[in-house]
1. Taking K and R as +1 and D and E as -1, what net charge do the other residues with C-beta under 13 Å from the C-beta of residue 192 add up to?
2. Using θ = phi - 60° and the Karplus curve 6.51 cos²θ - 1.76 cosθ + 1.60, what whole-Hz ³J(HN,Hα) does each residue of the stretch 146-159 get, with Gly and Pro shown as x?
3. Which value in Å is the Kirkwood Rh of the stretch 80-219 over different Cα pairs?
4. Stretch residue 134-residue 198 to full length: gain in nm at 0.36 nm per residue minus the Cα-Cα span?
5. On a full-extension model of 0.36 nm per residue, what is the gain between residue 122 and residue 167, subtracting their alpha-carbon distance, rounded to one decimal in nm?
6. Taking only the alpha carbons of the stretch 101-145, what extent do you get along each of the three principal axes, in Å, biggest first?
7. Which FRET efficiency value, to the nearest 0.05, do you get for residue 178 and residue 15 by plugging their Cβ-Cβ distance into 1/(1 + (r/R0)^6) with R0 = 30 Å?
8. What nm value, rounded to one decimal, do you get for the distance between residue 153 and residue 186 when each label is placed 7 Å out toward the C-beta?
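Values in this text are rule-based calculations from the coordinates and carry no lab data. Everything numeric in this text was worked out from a predicted model, so none of it was measured. Ideal geometry is used to build each Cβ from the backbone, glycine not excepted, and the neighbour counts take in all protein chains shown.
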Amino acid sequence: MTVGDTPARVPTLRDRIEALLRGSEPGVEPEIPWVASLTPEQVASIRQAVPHSLARAAVLVPLIERPEGLHVLLTLRASHLKNHAGQVSFPGGRLEPGDAGPWEAALREAQEEIGLEPRFVSRVGYLRDHIVITGFRVTPVVGFVQPGFTLRLDTKEVEDVFEVPLDFVLDPVNHLPRDRQFAGFTVPTYEIPYQGRHIWGATASMLLTLSALVQGSVP
């Protein structure tokens, strides 16, 4: 480098995520790696336990741009809800007729559930769809969130919100294997514990998808 040259900027995690998701499209068929460990008969039984008609839904995966790095914003669902009560989740829900697509649905739901205004969110891209056993096919929409927002929780839906450093979430050391029972079979899953919270189920699966993408283990 000659005198006067400006040192090249080192790409950040934000840059990497933005590059990896650039041009991604919603609705990519989900991959379920643990299915490979089951017999065809077991897979058929599990399919019988999942509703045949899956409703389309979308969630926002909000990555907040903090000075110390990206943080994931997560919600704790209200304990009285019929589905996924008390679980850690992303803001989101069913696609409504007025939604132009998953991005619009995710923004609308985030504003309704936690009061996150769309003007603070910029779209990055989409992760693969995820199947939720309660009968939903969910499209995760990744968005960068600028600081300065104020949250207003809809307590009928959300009990609390919290942040987790994205570096922690992406580190495979923090992905703990947990076997769960479904349709009479043991299904291998993972959870991510953080400061007394346990991120598991579809939310953990989506974060592991993002982790695998960043780590370069998926195309």
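1. Net of charged neighbours comes to -1.
2. Per-residue couplings from phi come out as 6, x, x, 6, 10, 9, 9, 7, 7, 5, 6, 10, 10, 8 Hz.
3. 16.3
4. Full-extension gain reported as 21.1 nm.
5. 14.2 nm
6. 32, 21, 15
7. Efficiency at R0 = 30 Å is approximately 0.40.
8. Between residue 153 and residue 186, the simple spin-label model gives 3.6 nm.
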